[in-house]
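Chemist: Could you have a look at this structure, given as structure tokens, before my questions?
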Amino acid sequence: MSWIPTLAERVKNLKPSPTLAVDAKAKRLKANGVDIVNLSAGEPDFDTPEHIKDAAIRALREGFTKYTPVAGIPELKAAVAGKLERDYGLKYANGEIMASTGGKQVLYNIAQAILDPGDEVIIPVPYWVSYPAIVELAGGVPRFLQCEADNGFSLDLNALEGMITERTKALILNSPSNPTGAVYSAQDLRSVGELAIKHGFMVITDDIYDEIRFDDQGPDNVASIVPEARDYCLIVNGVSKTYAMTGWRIGYLAGPEAVVKACTKIQSQSTSNPNSIAQKAAAAALSGPQECVSSMRDAFLERRDFIMNRLSGMTGVSCVEPKGAFYVFPDMSSYFGSSYDGTSIDGSLALADYLLEKAQIACVPGIAFGDDRFVRFSYATDMNTLKKGMDRLEKALNELR
Ligand code: PMP
Ligand code: GLU
């Protein structure tokens, strides 16, 4: 009998990222020749723009291949500061910015830096899959604030205030949201900023989809709407979504120096600096020409309109129109209770399994985002694939009726 190593409690209770798991399964099936329509990935289908790749190639050729400062190279921090000033009118000094290995790593470092065991973090539901896990890995306790499709997934501010306790350390906001595509109103952001000041908690504002917004307003967050709340805000962002750079792994944090320093200390003892070449590429992305951003956004908007139009023609499906990001999150709970081949569809997991098995559509069950009524489809894929996916979805749902 072989020896089985004992693992830590923290990892025994940890579930792997469900979005990455579904995507990996879809890619595996595809590689095995199954004709999968993969609507699971939260990843732009576009290639990284050429001028960004050129910056990386230049860096490589010039031998920019050594350790850099842990918190990132000055050039990248300056590019981040430039972006925050350009898009939000916010000024951040060099010591208030840290670059990291993706937005996910920034969130991880923040949780490690600010949470003691038992500290609470308020997370609006539906949430991005990794928030609760990242909080729990730091010994924190997620407290869930339910948001409803009927209100466009806006924040229930009374419920939010009612949840605040002595242990409330932070609130995580993600606007535009993964998975709903909801964008919080300026009025709600103002109220959140006022609550943060009144009760003394931090606002972790995950702005990773900030440039994929379909209104004319452009990016905003609690810090830009409520200047007095600036030092309560930890701005998390990255280049993955805006510049189609998911694989390059560059994210960044802007916030009060004390938190940035603490996050940098954690980084120095865990991952060290983010990849040197990717930092050069990210600097070029943030400070170079921005036309690529608007053309990708236009493409996402066209796809959103297409997919909303198709969903609206399907019986038993209701979907709030996303205002940003590249996901739709329809309520499909009317199909719960139906069955196929003797298997009952008792929730979003079973529905997603049915769609994968019977219609070869990969999507992410709502339960992964904390709400079992829904299913998430990514429209960060080309129109032909989307059309094929919607045709299959309509047929598969009709077969359940
Ligand atoms: N926040 C949200 C809401 C996301 O969807 C993602 C995508 N993975 C991230 C953060 C992190 O992205 P990355 O680590 O690629 O910067
Ligand atoms: N954020 C993307 C998603 O939600 C990528 C996968 C992940 O990092 O979880 O699909």
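The values are calculated or read from the model by the stated rules, or taken from the named source; none is laboratory data. This is a predicted model, so every value here is computed, not measured. For neighbour counting, all protein chains shown are included, and Cβ atoms are generated from backbone atoms with ideal geometry for every residue, glycine included.
Chemist: Would you confirm whether any residue within region 287-295 is among the small types (Gly, Ala, Ser) and within 28 Å of Pro16 (Cβ to Cβ)?
Modeler: no
Chemist: Here's something else I'd like to know. With the checklist (1) farther than 12 Å from Leu253 by Cβ; (2) crowded, with 21+ Cβ neighbours inside 10 Å; (3) out of contact with any Cys (no Cβ under 9 Å at 6 or more places or on another chain) in hand, flag the one item Ile73 doesn't pass.
Modeler: Of everything listed in (1) farther than 12 Å from Leu253 by Cβ; (2) crowded, with 21+ Cβ neighbours inside 10 Å; (3) out of contact with any Cys (no Cβ under 9 Å at 6 or more places or on another chain), Ile73 misses just condition (2).
Chemist: Considering region 111-165 alone, what residues qualify as being within 16 Å of ligand 2 (Cβ to nearest atom), assigned to a helix (DSSP H, G or I) and of a type in the set (A, V, I, L, M, F, W, C)?
Modeler: Across region 111-165, the qualifying residues are Ala111, Ala133, Ile134, Val135, Leu137.
Chemist: Could you tell me which residue of region 219-237 is surrounded by the most Cβ atoms within 10 Å (Cβ to Cβ), considering only residues that are within 13 Å of Leu84 (Cβ to Cβ) and small (Gly, Ala, Ser)?
Modeler: Across region 219-237, the extreme among qualifying residues is Ala223.
Chemist: Quick check on region 318-332. Is at least one of its residues touching an Asp or Glu at 6+ places or on another chain (Cβ under 8 Å), part of a loop (DSSP other than H, G, I, E, B) and farther than 26 Å from Leu349 by Cβ?
Modeler: Scanning region 318-332, I find at least one residue that is touching an Asp or Glu at 6+ places or on another chain (Cβ under 8 Å), part of a loop (DSSP other than H, G, I, E, B) and farther than 26 Å from Leu349 by Cβ, so the answer is yes.
Residues are listed down the side, and each one gets a yes or a no for (1) more than 16 Å from ligand 1 (Cβ to nearest atom); (2) touching a strand residue (DSSP E or B) at 6+ places or on another chain (Cβ under 7 Å); (3) among the basic types (Lys, Arg); (4) under 27 Å from Cys263 (Cα atoms):
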{"residue": "Gly181", "(1), (2), (3), (4)": "no, yes, no, no"}
{"residue": "Glu194", "(1), (2), (3), (4)": "yes, no, no, yes"}
{"residue": "His199", "(1), (2), (3), (4)": "yes, yes, no, yes"}
{"residue": "Arg213", "(1), (2), (3), (4)": "no, yes, yes, no"}
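Chemist: Exactly one of (1) within 21 Å of the chain's Cα centre (by Cα); (2) without any contact (Cβ under 8 Å) to a residue 12 or more places away in the chain is unmet by Met1. Its number?
Modeler: Condition (1) is where Met1 drops out.
Chemist: Considering only residues that are out of contact with any Gly (no Cβ under 9 Å at 6 or more places or on another chain), farther than 13 Å from Ala99 by Cα and not hydrophobic (A, V, I, L, M, F, W, C), which ones fall in region 231-268?
Modeler: Hits for region 231-268 are Thr242, Tyr243, Gly247, Pro256.
Chemist: Consider only pairs whose beta carbons are under 6 Å apart and that are at least six residues apart or on different chains; among these, list those whose first residue lies in region 209-222 and is in contact (Cβ under 8 Å) with a residue 24 or more places away in the chain and whose second residue is aliphatic (A, V, I, L, M) and surrounded by 20 or more Cβ atoms within 10 Å (Cβ to Cβ).
Modeler: Once the first residue is in contact (Cβ under 8 Å) with a residue 24 or more places away in the chain and sits in region 209-222, its partners that are aliphatic (A, V, I, L, M) and surrounded by 20 or more Cβ atoms within 10 Å (Cβ to Cβ) give Tyr209/Ala325; Ile212/Ala325; Val222/Leu189; Val222/Val192; Val222/Val203; Val222/Ala229.
Chemist: Oh, and also: All but one of (1) within 16 Å of ligand 2 (Cβ to nearest atom); (2) more than 14 Å from Pro124 (Cβ to Cβ); (3) part of a loop (DSSP other than H, G, I, E, B) hold for Asn237; which doesn't?
Modeler: If we test Asn237 against (1) within 16 Å of ligand 2 (Cβ to nearest atom); (2) more than 14 Å from Pro124 (Cβ to Cβ); (3) part of a loop (DSSP other than H, G, I, E, B), just (3) comes out false.
Chemist: What residue, among those in region 8-28 that are among the basic types (Lys, Arg) and assigned to a helix (DSSP H, G or I), is farthest from Tyr131 (Cα to Cα)?
Modeler: Looking at the filtered set, the residue picked out is Arg28.
Chemist: Report whether or not Asn38 is more than 16 Å from ligand 1 (Cβ to nearest atom) and either within 24 Å of the chain's Cα centre (by Cα) or of a type outside the set (D, E, K, R) (or both).
Modeler: No: the conditions fail for Asn38.
Chemist: With (1) more than 16 Å from ligand 2 (Cβ to nearest atom); (2) polar (S, T, N, Q); (3) surrounded by fewer than 19 Cβ atoms within 10 Å (Cβ to Cβ); (4) at pLDDT 95 or above as the list, and Ser344 as the residue in question, which single condition is left unmet?
Modeler: Here Ser344 clears every test but (4).
Yes/no matrix, rows are residues, columns are (1) more than 16 Å from Phe329 (Cβ to Cβ); (2) out of contact with any Pro (no Cβ under 7 Å at 6 or more places or on another chain); (3) basic (Lys, Arg); (4) surrounded by 24 or more Cβ atoms within 10 Å (Cβ to Cβ):
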position: Glu357; (1), (2), (3), (4): yes, yes, no, no
position: Ile361; (1), (2), (3), (4): no, yes, no, yes
position: Val364; (1), (2), (3), (4): no, no, no, yes
position: Gly370; (1), (2), (3), (4): no, no, no, no
position: Arg376; (1), (2), (3), (4): no, no, yes, yes
position: Asp382; (1), (2), (3), (4): yes, yes, no, no
position: Gly389; (1), (2), (3), (4): no, yes, no, yes
position: Leu393; (1), (2), (3), (4): no, yes, no, yes
position: Leu400; (1), (2), (3), (4): yes, yes, no, no
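Chemist: Right, here's the next one. Answer yes or no as to whether Ile266 is within 30 Å of Glu166 (Cβ to Cβ) and at pLDDT 95 or above.
Modeler: Here the answer is yes, as Ile266 does meet what is asked.
Chemist: From Ala8, Ala24, which residue is free of Cβ contacts under 8 Å to residues at least 12 places away in the same chain and within 16 Å of ligand 1 (Cβ to nearest atom)?
Modeler: Sole residue among the options that is free of Cβ contacts under 8 Å to residues at least 12 places away in the same chain and within 16 Å of ligand 1 (Cβ to nearest atom): Ala24.
Chemist: Please enumerate the residues belonging to region 265-302 that are in contact with a strand residue (DSSP E or B) (Cβ under 8 Å, 6 or more places away or on another chain), buried (at least 24 other Cβ atoms within 10 Å of the Cβ) and assigned to a helix (DSSP H, G or I).
Modeler: Selection gives Gln267, Gln279, Ala282.
Chemist: Name the one entry in Asp372, Asp346 that is free of Cβ contacts under 8 Å to residues at least 12 places away in the same chain, farther than 26 Å from Asp47 by Cβ and outside any helix (DSSP H, G or I).
Modeler: Asp346
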